[in-house]
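Structure first, then comments.
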Amino acid sequence: MPFKNRTGSTSKNADSPSQETPDWLKKIREKSHLEKPATPPLGAFGEAENRQFGETEKPDEIPQWLKELQKTESPVPDEPEKSEVDWITRLHEILPETPRSDSPSTTLYSDEELAAMAAAARKLDEFNRVIEEQASTQPLGVPPEPAPTDFHLESSSPAAPESPVELEGSISSFKPEQNQPDSANPEDITRDSHIEKEPVHIELKPTGNTEESVPWMQTPVMAEPEPVSIDTTPSEPVEPQPNSFDISSDKSETQSLESGIPAEENLPTEKKKSFFSSLFRKDETDSSEDAEDEPEDESGQNDEAAARTEEKPEPLIPESVLQPQYNRSVEYSGRLDISESQKASIHLLKSMLMGEIQPPAPTATQSKISGRMLRLCIGILLLIVMLFPLATGFMLTDQQALFSPGVVSMRTAVNALPENSPFLVITDFEPAFAGELKAAAIGVIDNLMMKNLNLSVVSTVPTGPALARDLITSVRQAAFAYPPEKISYLGYLPGGTTGMKDFIHNPRQALPLLDTGRYAWTYPATQDVFSINDYAGVLIITENTETGRAWIEQLHGNMADKPLLMVVSAQSAPLMRPYLDSKQLNGLIGGRVEGAMYDRIMEAPARSPVITASYQAGMLVVAVLIILGGIFGLFHGLFSSRSSSSKENWYVS
Amino acid sequence: MTSIEGLIGLVVIGLAIAFMIVFSVQDRKSKIPLRRIPAMEHLSRMVGLAVEEGRRIHISFGRGNFLDSHAASTLTNTALLKEVLKQSAGSDRPPAITSGDGTTTLLAIDVLYSTRRAGIIGDRVDSRRGRLSGVTPLSYAAGMLPSLHQEQTSMMVTGGMLGAELNLILDTADDESIHILTASDSPVGQAVAFSSPGDVLLGEEIFALPAYMNAGSMYPASLLAEDSLRWLLIVFIILGAILRSIGLTIL
Amino acid sequence: MKAPLSTLIAIICCAVVLLAYFLPFEPVQNISQLIINWAVSLSGIAMLVAIVSLLSSHWQKIRQKRSSDRYSILVIFGFGLTFLIGLVFGGPGSLDYQNVVTHMLLPIEAGLLGALTIGLTVAAFRLYRANRGWMTIVFGISTLLFVLLNSGIFTTGTGLDIPLIKNALGVLQRLPDAGGRGILLGLALGTITAGLRILLGIDRPYNS
């Protein structure tokens, strides 16, 4: 026996592992030793089990509240429950982690458990009384007892299995040594001492129908197919150890007894769940599929059990005596104590089974649909709100009144540029950002044109030259167009940062041709340029922070005292501002709003104010949605945490 | 570049080399413990899960050019790709790679072929496994989406240069229930990824990917070198702020 | 060491370019420039090869027996058309090519950006899903603040010309600058160590 006997009883195998114990059972027992259950009852029980032989429980170890509880309890009447105690005490041998019922378990359970056990025990008392009145034979040597108290019942009930079927594993794994009393409780010894010790010979015979039992329960039976003869000294009417199927089969004998039992308890034993199914206790909310499956299984069991009844040896103890004891366990089947590791195993197995049974998660589809719906709704909302100013000319705000430092610096730098000098414009933006950057840069380009600068346009983006043409032609159109000879489109500069370095080091070598195929450096706009320092300044238009950063880092230091200006999208502005602060940049415009600021500071009429109003309306809607999303997320989080826990209970229970 | 800036640059590089060598030696003596990054733990688990499921791992190299400032993240992605190829060697579907740049695409394909030559993966490499997705940000994102829809992708690592367009990829990955780890070297991309439910690496964490995939002792060493340099930088920033506030200007 | 020659070439090229950045010696600068020019040419060729690879993969997708990808036909057709216009009808500087960019590419990409805007708005709305603890709240508040700041609503009207308001807005504008700079410094340090791994011959992406 793996558990230490606290009383130091004479059981030889009480302090040493049984030699006959199968390997799998040893492992389970070892595991049960190692584990320290977290819940108070099990945890305390574990401590009790770790005590040395002969070491009695110290009163200090009992919590105060339990001491108070114990003071109110009546003396324990032992005998009526002794018949159950015997097999219940062995339950832990079969069920790893199951605490032995011979410990002073009443002191180790929580208030809720105690109350539940007491309720169950009261029903059991009533049931016992009915049985005692109606039973034709009394258990051996058991005198009539007063109704057991809650305290007494709690000591045995927690580990009680709910039906005889549950015992099939335990019985099949019994060994002769295991059948000896191993009670560690001094009270048990006292109880044993005044009961007449009458050797009982029980002959166990495997039913041979091992396929029906759970595989891990079958193993011992398979390993020891021979009938086992057990000599034991029971403390009371000996619990029949044969296969549970034998016990549950004789309906006719139990019929008379059950007639007096309350309807709730008057279920035939065949209707009881198996031990394995008891592990998967179900709430009333459990799936109907399972409920429908059960009767078929059980009816099948009935037939087989009836068939085995004919073959079984005559029981030594009349089943009319035994049957009520099994029936009454039905009342507190839910009290089976399961350790954390068992629960985890149950979870795992159950999730596997549920995964097999349930259809592929519909929730994923739902979330996919709801995500698309949300996108659609928000898209439509944004579209409506942003179209409204465009359609009606509604203006949300006045013109810009405050100007950012970058815009002010830009004005200063552009005003300081010498007229008719070469100027480099870098258009490194993608087509997607053309709308924003055109609005942001158009004022600056217009100012550069006012200065009659000779513009060289270059881009490290393949589509950049075409977008540059579009931008520059949109500033001044038709008769007001900028003279073509004052603009040279140098085209696409390949090689990324390396290409930039190459161009900065030697522009004529890096880009010898215009994008039209003509030689670039004889063109009027560029003929005076021999190195990068010949440009009066550089304007970089980009939405890409990396590209912008690369240009600044490459140009800074190579263009002494020449203004470096930048127009970026709103998303890139925060990352570019440090360059403005460190004077590596001489002017910065970030996004459409600062473009409008530049127009305002140059005292030019506002360009496309309706589009700016539309932009602002969209931003406001986004801000409102962020607030709403936060509120919704807060409530959804609270709600989902509750629903998920209830869902979890649905599966677990 | 002025001489003082050049000198500072050389000192920083010299310090970085010294730190890397010292920490590399230390790592060989006894394994340097790395701080816990949950996203990295998920990565290893999801690679294993993808292999078990027989589904594909997708590695996006981003739009970073091997010749620009994104070269570091491209190198990191290459090292990551090698490790993922090793770890998913038994998979029915070898990892797929997309890139937004020509040189990076060639580099990724080269890694695929070299692992095949080394016998790490079988003869299942074709041009669909390593390909150019698109050369502009949005065309790159749009070009990647079919691979998420059609190629039995289970998990995805998006590294390199990815900006706001990342949101298109994240949305699709979310719809397709693809686990995604974002390791963008762009602050914009990091901000976008932060608001999505997937894993995200912030700042220089992206360079830690190979170290957490056990790519070699030099990777943890370079991580520690980075950390050491960062602490030095913090000290100098604080010192500079104090000196500036009392009216002293050194540089 | 595998392929010592390629490793040696890589280390030498890396060292020369790095030295040329810091040392103003003419011979080193010239060699560095030569190497950079080679690299630019090679990157152009690499792009060409990558485009061929892209077309090849889409061709294979069209040809595959199961679930042939019809959209790949559009990719190849679009590529062919743009290539033809760019190469035959006057090149990138021609009006035709500009029309392709401004009338086809620009609307498509602008549409994608519009979809992206909606996606980002939805992401902001469902920010709680990211479940990154208190950082989600900080992120949400910051996003809200800067969306409002960048809308330009607070910088309109003459009543705002108050020094306190102007200073407060200026400080708020600087907050992301500081954060962005911090991230960039971290990235720069990572870039240094990654480059040094190449320089020391430890990281050899060209030689797996």
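Readers should treat all values here as calculations from the given coordinates under stated rules, not as data from a laboratory. In this text, all values refer to a predicted model and were calculated from it rather than measured experimentally. Ideal geometry is used to build each Cβ from the backbone, glycine not excepted, and the neighbour counts take in all protein chains shown.
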What is the fewest-to-most order of A:392, A:542 by other Cβ atoms lying within 10 Å of their Cβ?
A:392, A:542
Take residue B:18 and residue A:604, extend 7 Å from each Cα along the Cα→Cβ direction, and tell me the distance between the two endpoints in nm.
5.4 nm
Please label the shape of chain B as rounded, prolate or oblate, based on the square roots a ≥ b ≥ c of the eigenvalues of the alpha-carbon gyration tensor (a/c under 1.5 means rounded; beyond that, a/b larger than b/c means prolate, else oblate).
prolate
Restricting to Cα pairs below 8 Å that are 6+ residues apart, what does the relative contact order work out to for the range A:405-605? Please round to a whole percent.
29 percent
Mind giving me the FRET efficiency for residue A:388 and residue A:628? R0 is 22 Å, r the Cβ-Cβ distance, nearest 0.05 is fine.
0.70
Note on the range C:70-125: alpha-carbon gyration tensor, axes a ≥ b ≥ c; rule is a/c under 1.5 for rounded, else prolate if a/b larger than b/c, else oblate; result oblate
A correct fewest-to-most ranking of A:511, B:148, A:638, C:145 by other Cβ atoms within 10 Å would be A:638, C:145, B:148, A:511
Distance-filtered residues of the range B:192-224 - backbone nitrogen under 17 Å, label point 7 angstrom along residue C:135 Cα→Cβ:
B:192-209
Please report the net charge: other residues with Cβ closer than 12 Å to the Cβ of residue B:70, K and R +1, D and E -1.
-2
Report relative contact order for the range B:35-213 in percent, whole number only (criteria: Cα-Cα under 8 Å, sequence separation at least 6).
26 percent
Based on the Cβ-Cβ distance of residue B:234 and residue C:168, what FRET efficiency does E = 1/(1 + (r/R0)^6) give at R0 = 35 Å, to the nearest 0.05?
0.80
Which pairs break 32 Å Cα to Cα here: A:438/C:61; A:350/C:65; B:29/B:86; A:451/A:583; A:438/A:562; A:583/C:166?
A:438/C:61; A:350/C:65
When the Kirkwood hydrodynamic radius is evaluated over all pairs of different C-alpha atoms of the range A:405-605, what value in angstrom, to one decimal, is obtained?
16.4 Å
Added length on full extension, which subtracts the Cα-Cα distance from 0.36 nm per residue, residue A:416 to residue A:119
97.4 nm
Give me the distance in nm between label points sitting 7 Å out from Cα along the Cα-to-Cβ direction at residue C:76 and residue A:508, one decimal.
4.7 nm
Once the Cβ-Cβ distance between residue A:582 and residue A:353 is put in as r, and R0 is 51 Å, what FRET efficiency do you end up with, to the nearest 0.05?
0.20
Most exposed first, judged by fewest Cβ atoms within 10 angstrom, B:17, B:180 run B:17, B:180
Full-extension gain in nm, residue B:152 to residue B:246, via 0.36 nm per residue minus C-alpha separation:
27.6 nm
To the nearest 20 debye, the range A:405-605 has a Cα-centred charge dipole, built from +1 on Lys and Arg Cβ and -1 on Asp and Glu Cβ, of 140 debye
